[in-house]
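First up is the structure itself, then whatever we jot down about it.
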Amino acid sequence: DAGVTQSPTHLIKTRGQHVTLRCSPISGHKSVSWYQQVLGQGPQFIFQYYEKEERGRGNFPDRFSARQFPNYSSELNVNALLLGDSALYLCASSKPRDIDEKLFFGSGTQLSVL
Amino acid sequence: DQQVKQNSPSLSVQEGRISILNCDYTNSMFDYFLWYKKYPAEGPTFLISISSIKDKNEDGRFTVFLNKSAKHLSLHIVPSQPGDSAVYFCAATLTGTASKLTFGTGTRLQVTL
């Protein structure tokens, strides 16, 4: 079975631009979460979507938004990019309400903002 | 405010010896703890977890210990193998919200021959 897939793997943007990152969850997983990992830090929670609804949001500005589609894939959008948005963006999927729920991560999208 | 802390950025251990990775947390509401391993150019991979109703959980070479009064957990790897060389992240959450993890900054483990 395919794991969590993310595209693109690498991206270079300039300040002020907009970016869209994509994620396909593991088959059967209905929850998708997004994390930002800045160099030297641990991943930081951005959003969780379950059944196409936002179920959780981390401490990120409104420039960050996301959505989930009927096939449970997801997009993360970032507007008005800042240099500080340069990071590895990780998508994770899971089966909520499983007794042993755990996140399965994709390999991430490395975003560089110049 | 760093709610989950891994104070050792790196650790070097000889093959066959025990590796002990430490993690401290400040939020007493956390009741579910996980360890993830990350290789370069890959996403984090789940390793082992522990609920606050336990103080120990084992899975093969990996054991996690939880000391709730000290708000401290540790991951023991015995015996350590070269393939264990990776960055290890400690994470914490509330039961039922496993999608919203609070991660530490990670410890880079190097297992030498």
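The values are calculated or read from the model by the stated rules, or taken from the named source; none is laboratory data. Note that the coordinates shown come from a computational prediction; the quantities given were computed from them, not determined experimentally. As a convention, Cβ positions derive from the backbone with ideal geometry for all residues, glycine included, and neighbour counts pool all protein chains shown. Quick note on the areas: whole protein, heavy atoms, side chains included, nothing else; ligands and nucleic acids left out. Shrake-Rupley method; radii C 1.70, N 1.55, O 1.52, S 1.80 Å.
Odds and ends about this structure:
- Computed over the protein assembly as shown, Kirkwood Rh from alpha-carbon pairs, angstrom: 18.0
- Centre separation in Å (Cα based) which lies between segment A:70-114 and segment B:1-55: 21
- Sparse-neighbour loop sites [trypsin sites (Lys or Arg not before Pro); segment A:9-76; at most 15 other C-beta within 10 Å; DSSP]: A:R15, A:K52, A:R63
- Ranked from largest to smallest solvent-accessible area, with a 1.4 Å probe on the protein heavy atoms, B:D84, B:D31, B:D55 come out as B:D55, B:D31, B:D84.
- The protein assembly as shown: antiparallel DSSP beta bridges as a percent of all, rounded to 5: 90
- Relative contact order for segment B:31-113, counting Cα pairs under 8 Å that sit 6 or more residues apart, in percent: 28
- Computed over the alpha-carbon atoms, segment A:38-114 gives an Rg to Rh ratio of 0.96, Rh here being the Kirkwood radius from the mean inverse distance.
- log₁₀ of I(q)/I(0) at q = 0.13, 0.14 Å⁻¹ - segment B:1-98, Debye sum with one point per alpha carbon: -0.43, -0.50
- Sequentially through segment B:11-16, phi angles give Karplus couplings (6.51, -1.76, 1.60; θ = phi - 60°) of 8, 10, 9, 6, 3, x Hz, Gly and Pro residues having no value and appearing as x.
- Cα centre as origin, Lys/Arg/Asp/Glu Cβ charges: segment B:12-87 dipole, Debye: 120
- 24 Å Cα-Cα reach of B:K5 towards lysines, excluding residues that sit fewer than 8 places from it in its own chain: A:K102, B:K37, B:K38, B:K54, B:K56, B:K68, B:K71, B:K100
- Gain on full extension, evaluated as 0.36 nm per residue between B:K68 and B:S10 minus their Cα-Cα distance, stands at 18.4 nm.
- Between A:S107 and A:Q6, B:G43, the built amide H atoms are under 5 Å apart, and every one of these is 5 or more places off in sequence or on another chain.
- For segment A:1-57, the fraction of alpha-carbon pairs lying more than 19 Å apart is 42 percent, rounded to a whole number.
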